[in-house]
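Asks: To start, I am sharing the structure in question, which I have written as C-alpha cells.
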Amino acid sequence: MDTVASSRRIVMGIQDAADLETPDLPTEPMPLNMGPSHPAMHGTVRMVMDVEGEKITNADVQIGYLHRCFEKEAEHATWTQIFPYTDRLNYVSPMLNNVGYAIAVEKLLGIDKQIPERAQYIRVIIGEISRMTDHMTCLGAGAMELGAFTVFLYMLKGREWLYELLEEISGARLTHSYVRIGGLAGDLTPDFSERLTDILGRIRIVLSDVSKLLDRNRIFRDRMDGIAIITQQEAMAWGLTGPVGRSTGLAYDVRKDHPYLVYDRFDFDVPVGSVGDNFDRYAVRVEEIKQSMSILEQALAQIPAGPFMLNDPRVALPPKSETYNSIEAMIAHFKIIMDGIHVPAGEVYSFTEGGNGELGFYIVSDGTGRPWKCRVRPPCVPAVAIMNKILPGLFLADVVPTFGMMNMIGGECDR
Amino acid sequence: MGFEFHYASKLEAAVNWARKFSLFSYPFVTACCGMEYMSTAAPKYDIARFGAEFPRFSPRQADLLIIVGTITERQGPALRRIYEQMCEPKWVIAFGVCASTGGFYQNYSTMPGADQVVPVDVYIPGCPPRPEQVLDALVMLQDRIQRGEGYSQIMLRADQGYDVPTAAIRPTTRHAQAAEKAKEK
Amino acid sequence: MAQVVLDRLAAQFRNGEIINVGSQHGNEWARIRPDAWTAVCTFLREDPSTMMEMLTDLTCVDRFGDEPRFDVVVHLYSVSKKHRVRLYGGVPEESPVIDSLVPIWPGANWPEREAYDLYGVRFKGHPDLRRLLMYPEFVGHPLRKDYPKEKRQPLVRRQSDSVD
C-alpha cells in the first residue's frame, strides 16, 4: 500500500491517479502590480501583470519613473555642459556615454578624424573599463536576485578596484565627465598601466570564482535555461542589439561592423549566443568581460605618447597659464565657456557600442553654442519593450531573472 | 533646531541606543546613487559595521527610509505611500543631491527634492556621494536618534502631549495639517 | 556608402513621394511625403537590395518657426547589408498625424508612444497610443519648444512656500 499516495488522496480529495496529473483547480485572473519601487535594484519600473495562479497572462511594463528630461536640459545647455548629463544616462558605464556623445559632436564639427591618437586610445581604454563595470554590476545584481549573494559581493569587490582606478584619472568614482569635445579633460596617471594590468589579473580570479559558483549550479541553470527565449527574427524586428541581441544569434557589434576610434587595430571576438534564453544573455556578458580585458591589454601595449586634446582654439580651452596672463586667451576661454563651442548647423546620427547595445546620438545643431535637439537612442528600450511580449506564459518567479538579464538601466531607458 | 529633551528615564536612553544600532533600512533606489549605495553595502565600505546592514524590502518592516536618487513627479505618490506605510518612529535620509534638492535637474519632471513630500532627517549632498559621506551621515543620524531629535521622535512627543515648538513641524505632514486646521478654527 | 538605398528609392517611387535626398556627415537621408510613409518603409524592408530589417530609432524634431513644424525622423538599419538611412516625414502643427510603423517593425511601438507623449504627434494605426514617460494626468507635450522647461505639474501636495 503506497502510504504517500494514500495520504495525498486524503489531503487533496483526489480519487485516482488521473486526478493527480490534471487537478481541476479553480483559478481566476488577478491583476498584480510590481513596482515602481521594488527590490530588484534596477531602478524604477512598474509592471502591471494579469496572473492566473502563478502564470502570467498579460504584462504591461510602464517606464518613465526616472524621466529626468535629458533632451530638454540639453537644449538649454552648452555642448560641453551636456557631458554630466550623459554620465547619468547609463550610469553603470558612464564613460561609454561620454565617448559616444563626444564622437557625435566631433562629427558635426568635422574634426572626428583629427582627434589625437593617444586620446583615441584612452577613450577605448576607459570605454572598455566602463563596459566591464556595466556587465559586472548586471551579473552581480542579477545573481543576487536569484539568491546568490556571494556573487554580488565578489562582483562589487572587482568593480570597486575599477572605480578607484577611474577616480584617479577623472576625479569621480561614478560620474566622471572625463571626455571633452576634441579629446579628454586630462591625461592618464603615470602608473595607470601597471595598476590596470594588476587589476585585470585580480578580476580574472574573481570571474573564475563566479563561474565556479554559477555555471554548473543546478539552481541557477534551472532558473535561467530555456526561459524567455527570443528569436533572431524578433531581435531584428524589435531593434535589439548589444548582449541581449547577440544572445539570440544576431552577430551585430558596432565595434566590429562599423569600427570607430581605433577598434580596428585590436584582435577580439564577439560572443554570440545560440538559444536566446536567460542563460545565453548571462554567458554572453561573461564572455564580453573577458574580451574587454583582452582589448585593454592590447591597448595598453599599443598606446602612443602625445597630446590628449586637439590643439584647436575653437574647441579646446587655452592652457591656464595663458588664460591668467593674456587677454586673448582669457576671452577665448570666456567665449567657449559662456557661449559654447559653435558647432556648424547640421544633423548627424552617430552610433557606438554602449553597454547594452547600439547607443546612438542624433544631434541637430542650428549653428549656435547650444543644440537644437540632442536625442539619445537608448539601447535598453527595445529590451524592455519586448518584455510585454515574452512575459505572458512565464511564471511569476521567472520575471526576476528575465528582467535582471535585460539590464534595464533607468537613466538610459527613461532619460 | 537644537532643542533639548531630557530623557524621561534611562529606559528611553537605552531604547534609543538599541534603535540606532539596529536600523532596518528601506532603500528607495531610483538612479545612479543606487550604485554608490551598493558600494556602501559592499565589503569595502561595509555599512554592516554600523548595524544598518539588512535592507528590508517592505516598508512595514523598515524604520529607515533611504531615498536614493532622483524623485520625479510621477514617483511622488508612490514615495508618499511608502513613507506612510512605515511604523513610527521612522527616519528618512535623502541620499544624493537629487533627493535633497533636485540636483542639477530643474525641469518639468523632477521633483526639487524628496522633502517636497516626506520630512527628511539627514541630507547627503554629492552626485553621487562617496561611501564615506554616507557612513558619516549614518553616524550623524545615529547621534540624533540617541538624543531623540529625529523628526518622527519629536512628533511622537507631540502626540504624547509634550510641548513642541511649531517651527519644528514640517509641512506636508499630518501634524502640519492638524496645526492648520486648529489655526482655522 | 548607403547610396544604393537612395538610388533604389528614386527608381521605385517616381510620383513625388521622395521630396528630397541628401548625404551629410556620412548619413544618407531622404525626405518622404507623409502619405507615402507606409509604402516607402514597407518597400525598404522587403526589397532585396535594401533589406532594412531593423528600425533603430524613431523620434521627432520640432522645427519651431518652420513649416511643417514637426519632422518625424526614422533611422533604419540593415543587419545583412550594413547600411543605414534616415527618413524624414514632415507633419504640420494643425494636424500632426502620420502612419504608424508598428505593422512593419513591432519595435516602433514604444518610440512612437514617446513621440506622441513628448511632441503630440499622433500615429494612425498604432495599437496602443498612450503616454510612455509622463503620467496620464500630465497636460501638454513637454518637448515642444513652446513648453517652458521648469513648468511642473505636481501630483502630490507640496510645501506651502514651494517654488511652484
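Asks: Under a cut-off of 25 Å between alpha-carbon atoms, report the lysines in cross-link reach of residue A:72, not counting same-chain residues fewer than 8 places apart.
Replies: Hits, sequence-local ones excluded: A:107, A:335, A:373, C:145, C:149, C:151.
Asks: Need one word for region A:110-254: rounded, prolate or oblate. Basis is the Cα gyration tensor (sqrt eigenvalues a ≥ b ≥ c); a/c below 1.5 gives rounded, then a/b vs b/c decides.
Replies: Oblate, because a/c is 1.5 or more while a/b does not exceed b/c.
Asks: Which FRET efficiency, nearest 0.05, do residue A:76 and residue C:25 yield, Cβ-Cβ r, R0 35 Å?
Replies: Given R0 = 35 Å and the Cβ-Cβ separation, E is 0.90.
Asks: Can you work out the FRET efficiency for the pair residue A:338 and residue C:67, with r the C-beta to C-beta distance and R0 = 25 Å, to the nearest 0.05? Write down the numbers at each step before the final one.
Replies: On the way: r = 33 Å, r/R0 = 1.32.
Step by step, r from the Cβ atoms, then E = 0.15.
Asks: At 222 nm, what value in deg cm²/dmol follows for chain A if DSSP H runs of at least 4 each add -39500 (n - 2.57) and the sum is divided by all its residues, to the nearest 500?
Replies: Here the helix-only value at 222 nm equals -14500 deg cm²/dmol.
Asks: While we're looking at this one, here's another question. Calculated FRET efficiency, residue A:297 and residue B:180, Cβ-Cβ r, R0 56 Å, to nearest 0.05? Working shown, then result.
Replies: On the way: r = 66 Å, r/R0 = 1.18.
The pair residue A:297/residue B:180 has a calculated efficiency of 0.25.
Asks: Sticking with this one: Quick one: what does P(r) look like for chain C with 5 Å bins over all Cα pairs, in whole %?
Replies: Bins of 5 Å from zero give 1, 8, 17, 20, 17, 14, 9, 6, 4, 2, 2, 1, 0 percent of pairs.
Asks: Then there is this: Cα extents of region A:365-415 along the three principal axes, largest first, in whole Å?
Replies: Principal axes ranked by extent give 53, 16, 11 Å for the Cα atoms.
Asks: How big is D, in µm² s⁻¹, for chain B by Stokes-Einstein at 20 °C and 1.002 mPa s if Rh is the Kirkwood radius over C-alpha pairs?
Replies: Details: Rh = 17.0 Å.
Reported coefficient: 126 µm²/s.
Asks: Nearest 10 degrees, 0 to 90: what angle lies between the long axis of helix A:117-145 and the longest principal axis of chain A (Cα atoms)?
Replies: Approximately 20 degrees, to the nearest 10.
Asks: I want to check the label-to-label distance for residue B:24 and residue B:61. Put each point 7 Å from Cα in the C-beta direction and report it in nm to one decimal.
Replies: Distance between the two pseudo-spin positions: 0.6 nm.
Asks: Starting from a Cα-only point model with no solvent, please compute log10 I(q)/I(0) by Debye for the protein assembly as shown at q = 0.05, 0.07, 0.09 1/Å.
Replies: At q = 0.05, 0.07, 0.09 Å⁻¹ the computed log10 ratios are -0.28, -0.54, -0.88.
Asks: For region A:70-377, what relative contact order do you get, as a whole percent, if you take Cα pairs closer than 8 Å and at least 6 residues apart? Provide the component values of the computation, followed by the final result.
Replies: On the way: 511 pairs, mean separation 82.0, N = 308.
Relative CO of region A:70-377 lands at 27 percent.
Asks: For residue A:212, go through the lysines and keep the ones whose alpha-carbon is under 16 Å away, minus same-chain ones fewer than eight residues off.
Replies: Within the straight-line cut-off, residue A:212 pairs with A:290.
Asks: State the extension gain, in nm to one decimal, for the chain segment bounded by residue A:218 and residue A:150, taking 0.36 nm per residue of separation less the distance between their alpha-carbons. Intermediate values should be presented prior to the final figure.
Replies: Details: separation 68, 0.36 × 68 = 24.48 nm, distance 1.62 nm.
Contour length minus the Cα-Cα distance gives 22.9 nm.
Asks: Taking +1 at the Cβ of each Lys and Arg and -1 at the Cβ of each Asp and Glu, which of C:98, C:22, C:83 sits farthest along the dipole of region C:3-124 towards its positive end, judged by Cα position relative to the Cα centre?
Replies: Toward the positive end, the furthest listed residue is C:83.
Asks: Okay, next question. For B:39, A:211, what's the fewest-to-most ordering of other Cβ within 10 Å of each Cβ?
Replies: Taking fewest neighbouring Cβ atoms as first place, the list is A:211, B:39.
Asks: With the crude spin-label approximation of a point 7 Å out along Cα→Cβ, what separation in nm comes out for residue B:147 versus residue C:137?
Replies: 3.8
Asks: Could you work out Rg/(2.2 N^0.38 Å) for region A:193-325, with Rg from alpha carbons only?
Replies: For region A:193-325, the normalised Cα radius of gyration is 1.45.
Asks: May I ask you to list the aspartates and glutamates whose Cα is less than 12 Å away from that of residue A:55, ignoring any residue fewer than eight positions away on the same chain?
Replies: By straight Cα distance, residue A:55 reaches A:28, A:398.
Asks: If you don't mind, there's one more thing I want to ask. Considering only A:90, A:311, A:325, give the residue with the highest GNM mean-square fluctuation for chain A, with springs between Cα atoms whenever their separation is below 10 Å.
Replies: A:325
Asks: Please work out the Cα convex hull volume for region A:70-377 and give it in Å³ per residue. Don't skip to the answer; put the middle values down first.
Replies: Values: hull volume 39.3 nm³, N = 308.
Measuring per residue, one finds 128 Å³ for the Cα hull of region A:70-377.
Asks: Of A:113, A:256, A:373, which is the most mobile in a GNM of chain A whose springs link Cα atoms less than 10 angstrom apart?
Replies: A:113
Asks: Could I have the simple spin-label model distance between residue A:208 and residue B:50, label points 7 Å from Cα toward Cβ, reported in nm to one decimal?
Replies: Here the modelled spin labels are 3.7 nm apart.
Computed from the coordinates by the stated procedures, all read-outs in this text should not be read as laboratory data. Not measured: the values here are computed from a predicted model. Neighbour counts run over all protein chains shown; Cβ positions are idealised from the backbone, glycine included.
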